[in-house]
Amino acid sequence: MKITTTKLPHSLVSMQIELDKDRFERGLDQAARRLAQKYPIHGFRPGKAPRFMIERTFGRQELIKEATEDLVKKAVRDALEREQINPIGPLEFNELSSMEPFIFKVTVPVEPTVQIGDYRALRVPLDIPALEEEQLQRAMDKILDRHVALKELDEPRPAQEGDQLEVRLDTLVDGEPLDQREPDAPAPEQTLDLVEGRLVDELYQGLLGVTVGNTVEVKAAMPDDHPQEQVRGKEVVFKVEVLGMQERILPAWEELPALEEFEGSLEELRAKTRTELEASLRDGAERKTIDAFIDQLVQQTTFDVPDVMVENYANTLLEEQGQQFARYGITLEQMLEYRGQSREQALKTLLPEAERRVKITLTLHELLRQENIVLSEEELEAEQERLLLDYEGEQREQVAKLFNEQMREMIAHAALDRKLRAHILTLATAEVAPAE
């Protein structure tokens, strides 16, 4: 068998395979026996007609067609083994360029190639913002809010600062509801605290003075850095139906340590909260630095990725969307019908995001390899012990068994990811020694 391989873009390999005459004839012999089993030949029992009779009855071309699939399948298997090519997706049969000699081509998607360049030259500063007193006070207010008491109104009145409203809230972006629900389904019910700074300012102002039974519409311009991507830089319409109202009664500040079961004074509780917030700010700054380093790393990396890898990831994203819709009792097919999309159209819209995520994953895998970052057995055991700290007694034993039997790989992936991100932070902010 003669094999000619050609490297193509998008991590594809073209293989032209030419069968030698003996192998080709053996394939025709097998095809003739199959035809003899399927079709009776006058004068011969089923499967006993000689090949020359089969060839005379059906013609040589038909015999070759019958043999083609089996010949191609076995030849491709042997060619992949001989050339040490590992496909990562289905092969594409391109053409049968000649029957005699038997020559055909297949295209094979193979592992992508990734070159991440001089990543050690990349630097991203770690800017940890200072904690503002206003942030600390908001956090203390939230702690106090955990112990709020609700009182029914003695008589109906307009809403005022500090009230709690039961509402049916519909958030519209470009005229469409932001939440995912079945067509014509009512907006979900929820609770709003009418406290300045906790709601979008326009919504807060629009709800002051409303009464139970009122429905109001409030327009608000969302900032470009809003945490929810769907509303960034857009005008949002809040449609609010007020269903109920209660007065919120907060405890005195001096009572807060006891209510929190905190052994210390109010100032000590405030100091503890400050420490936690500062740690949170540091964590957020580190995540921002790590993500910026990864973005720069991906931008300077060159990829040769097979389309099938991106397509498979797009399919994974679509299935994840289906799982999210299922929480609302909506099937993926119903949502696609509501959007007016076929599955193929939905997958096409997801291809850019799938490609972005595939490139990030491949880049980080290559960084792991080049920096020789691995997770030791001791580190995995330490991670499991850390997770088990939340459990006691028999429950701890049951969870430990679950970790070892079913969740070991997931825990290992999470621990390795954390180790990688810590290493990236070091790469981004300081000089480090070359990897061994």
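The condition of being surrounded by 16 or more Cβ atoms within 10 Å (Cβ to Cβ) and touching a residue at least 24 places away in the same chain (Cβ under 8 Å) holds for only one of Leu332, Leu317, that being Leu317.
A count restricted to region 142-176 and to residues that are open to solvent by less than 50 Å² (accessible area, probe 1.4 Å), of a type outside the set (A, V, I, L, M, F, W, C) and within 37 Å of the chain's Cα centre (by Cα) stands at 4.
Exactly one residue out of Lys348, Lys419 is open to solvent by 30 Å² or more (accessible area, probe 1.4 Å) and within 24 Å of Leu126 (Cα to Cα), and it is Lys419.
Just checking, does region 221-242 include any residue being open to solvent by 50 Å² or more (accessible area, probe 1.4 Å), of a type in the set (A, V, I, L, M, F, W, C), under 38 Å from the mean Cα position of the chain (by Cα) and over 21 Å from Pro156 (Cα atoms)? The answer is yes, given that some residue of region 221-242 is open to solvent by 50 Å² or more (accessible area, probe 1.4 Å), of a type in the set (A, V, I, L, M, F, W, C), under 38 Å from the mean Cα position of the chain (by Cα) and over 21 Å from Pro156 (Cα atoms).
So that you can scan it fast, the table gives a plain yes or no per residue for (1) hydroxyl-bearing (Ser, Thr, Tyr); (2) closer than 30 Å to Ile85 by Cα; (3) modelled with pLDDT under 80; (4) surrounded by 14 or more Cβ atoms within 10 Å (Cβ to Cβ):
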{"residue": "Gln16", "(1), (2), (3), (4)": "no, yes, no, yes"}
{"residue": "Lys21", "(1), (2), (3), (4)": "no, yes, no, no"}
{"residue": "Tyr39", "(1), (2), (3), (4)": "yes, no, yes, no"}
{"residue": "His42", "(1), (2), (3), (4)": "no, no, yes, no"}
{"residue": "Arg45", "(1), (2), (3), (4)": "no, no, yes, no"}
{"residue": "Leu63", "(1), (2), (3), (4)": "no, no, no, yes"}
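Within region 127-140, track down each residue that is open to solvent by less than 50 Å² (accessible area, probe 1.4 Å) and within 32 Å of the chain's Cα centre (by Cα). Let's see the steps before the verdict.
Going residue by residue through region 127-140, those that are open to solvent by less than 50 Å² (accessible area, probe 1.4 Å) are 131, 136, 139-140.
Ala139 - this is the single residue of region 127-140 that is open to solvent by less than 50 Å² (accessible area, probe 1.4 Å) and within 32 Å of the chain's Cα centre (by Cα).
When region 88-125 is filtered for residues that are surrounded by 13 or more Cβ atoms within 10 Å (Cβ to Cβ) and polar (S, T, N, Q), the ones remaining, listed by number, are Asn94, Thr107, Thr113.
Ser376 meets all of the listed conditions (1) within 24 Å of the chain's Cα centre (by Cα); (2) closer than 28 Å to Gly284 by Cα; (3) not β-branched (Val, Ile, Thr) but one, namely (1). Using the structure shown, decide if Ile3 is outside any loop (DSSP other than H, G, I, E, B) and open to solvent by less than 60 Å² (accessible area, probe 1.4 Å). When the stated conditions are applied, Ile3 passes them. Residue pairs whose Cβ atoms lie under 7 Å apart, separated by 6 or more positions or on different chains, with the first residue in region 363-392 and within 30 Å of Val305 (Cα to Cα) and the second part of a loop (DSSP other than H, G, I, E, B), are Thr363/Ile116; Thr363/Thr301; Glu366/Ile116; Leu367/Ile116; Gln370/Ala435; Glu371/Ala435; Asn372/Ala435; Asn372/Glu436.
Suppose we filter region 194-214 for residues that are of a type outside the set (D, E, K, R) and within 15 Å of Leu172 (Cα to Cα); how many remain? Can you show your working first?
Quick first cut of region 194-214, residues of a type outside the set (D, E, K, R) only: 194-195, 197, 199-200, 203-214.
Next, only the ones that are within 15 Å of Leu172 (Cα to Cα) stay: 200, 203.
The number of residues fulfilling the criteria is 2.
The values are calculated or read from the model by the stated rules, or taken from the named source; none is laboratory data. Please read all numbers here as calculations on a predicted model, not as lab measurements. Glycine also receives a Cβ, built like all others from the backbone with ideal geometry; neighbour counts cover every protein chain displayed. Note: areas computed on protein heavy atoms with side chains; ligands, DNA, RNA excluded. Shrake-Rupley method; radii C 1.70, N 1.55, O 1.52, S 1.80 Å.
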